[in-house]
Amino acid sequence: MTSHAEPTSPNLSFRKRWVPHPLLTLVLVGLWMALVNNYETSGWIFGVLFGLAIPLVTKSIWDSTAKIGSFGSVLIFGLIVAWDVAMANIQVAFLVLFRPSQRLKPAWVTVPLDLRSREGIAVLAGTVTLTPGTVSCDLSADGSSLLVHCLDVRDVDAVVARIKRRYESRLLRIFK
Amino acid sequence: MSPIADYTIAGFIFLGTAFAIVGSIGLVKLPDLMTRLHSPTKATTLGVGALLVASMIFFYMKNGKLAINELLITLFLFLTAPVAAHFIARAYMHLNCEAAEDLPRPSKDCEWSTYQRSYNCDDQTRAPH
C-alpha cells in the first residue's frame, strides 16, 4: 500500500533526502543512456545528473511510493501483456475487416476491483486498453470499480473474469 | 546486407503497414466514437511496433550497433496510447448525454469519478479496506 511522504525534516537520512526514489533514479539513468545511445563518460555524467535532479525537483508530485513485490512477476506480467497486445491486434484487425458493423455488440462493463494501490490501478487501466477488445474509460469515485468499454462482447461475465484472472491477480502480487 | 536480412526487414515493414492501414480502416468503418477508439489504440501500436523492429534490424545490419531508441519509442507509445484513449473516452461520455445515461453505475452510493463532484479522493481511495 502507499504511504504519505514525510515532510522534509532535519533528521531525515542523507539517502532519503537526496535520493528519495532510488528506483526512479535508476529508470531515469537507464532512459537517458538509451536515449543518447552514448556510453562514454559524458553520457553517464548527464544521465546520473538527470537521474538525481529530476526526482528532487518533482518530489512534490511523488507523494507515494509503489512497493513492488517481486521483479520476476513484473517480467512475467510484461511478457504476458506483450503477447496479449499482439493477439489483440490480430483479433481487432479481424473484427474490423470481416465483421459488418451492425453485427458488433459493443457494451459498457463494470469491473469490480480488488486492487487498491493507485499505481496498480493505473497499470491495470492501461493494460485493459491495450488488450483484446477493451478500453478502460473511468474509475469509480471510491476507486472500487473500473468502467470498461468492449468492442464486441457476447458474455460480459467472461470479460470481467478474464481481466480479473489474467491481469488483476498478477498485479495484486506485484503491487503489495 | 544479406538477402535474409533484406527479406526480414521487408516483412516487418509490410506487417507494420498492414496493421496501420487496418487501424485506419477501422477508424472509418466502425459506427461510433467508442467503437472507433478500439481500432487506433490496438492496431496502431503493433503497426508502429513492427516498423520500429524493421528499423532496428536495418540499423543493426548497417552499423553493427544495436539501436535502443526504437525500443524507447515503443515504450512511450505503449504509455501514451491508453492515456489518450482514456481522455477521449471521458470527453465523449461528458459531451454526449445519451451515452452517459447508458453507463452502468459502479455501486449504489457511488458514481464514476468524473461524474461525482466535490469528492475528497484522498480520504476515500486510500482508506484501508
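Miscellaneous remarks
- Too-long pairs where the Cα-Cα distance tops 28 Å, listed order kept, from A:K59/A:K164; A:K16/B:K65; A:K164/B:K42; A:K16/A:K176; A:K176/B:K65; A:K164/B:K29: A:K59/A:K164; A:K16/B:K65; A:K176/B:K65; A:K164/B:K29
- Net charge of neighbours whose Cβ lies under 14 Å from the Cβ of A:A158, counting Lys and Arg as +1 and Asp and Glu as -1: +3
- Across peptide B:76-82, the mean count of Cβ atoms from other chains lying within 10 Å of each residue's own Cβ comes to 3.
- For A:A86 and A:S73, the difference between the fully extended length at 0.36 nm per residue and the C-alpha to C-alpha distance is 2.7 nm.
- Label sites at A:R166 and A:R103, each approximated as a point 7 angstrom past Cα along Cα to Cβ, lie 2.3 nm apart.
- Least to most buried among A:F98, A:F77 (fewest other Cβ within 10 Å first): A:F98, A:F77
- Cα-based Rg and Dmax for region B:3-125, where Dmax is the largest Cα-Cα distance (Å): 20.4, 65
- Tail beyond 28 Å, pair distance distribution of the protein assembly as shown (Cα, percent): 49 percent
- For chain A, the percent of C-alpha pairs falling in each 10 Å distance bin, counted from 0 to the bin holding the largest distance, reads 8, 27, 28, 21, 11, 3, 0.
- Helix-only mean residue ellipticity at 222 nm for the protein assembly as shown, each DSSP H run of n ≥ 4 adding -39500 (n - 2.57), per residue, nearest 500: -20000 deg cm²/dmol
- Alpha carbon centroid spacing (whole Å) that separates region B:14-57 from region A:19-67: 32 Å
Read the figures in this text as sums done on the coordinates, not as results from a lab. Since the model is a prediction, treat every value here as computed from it, not as a measurement. With ideal geometry, Cβ positions are generated from the backbone for all residues, glycine too; neighbour counts draw on all protein chains shown.
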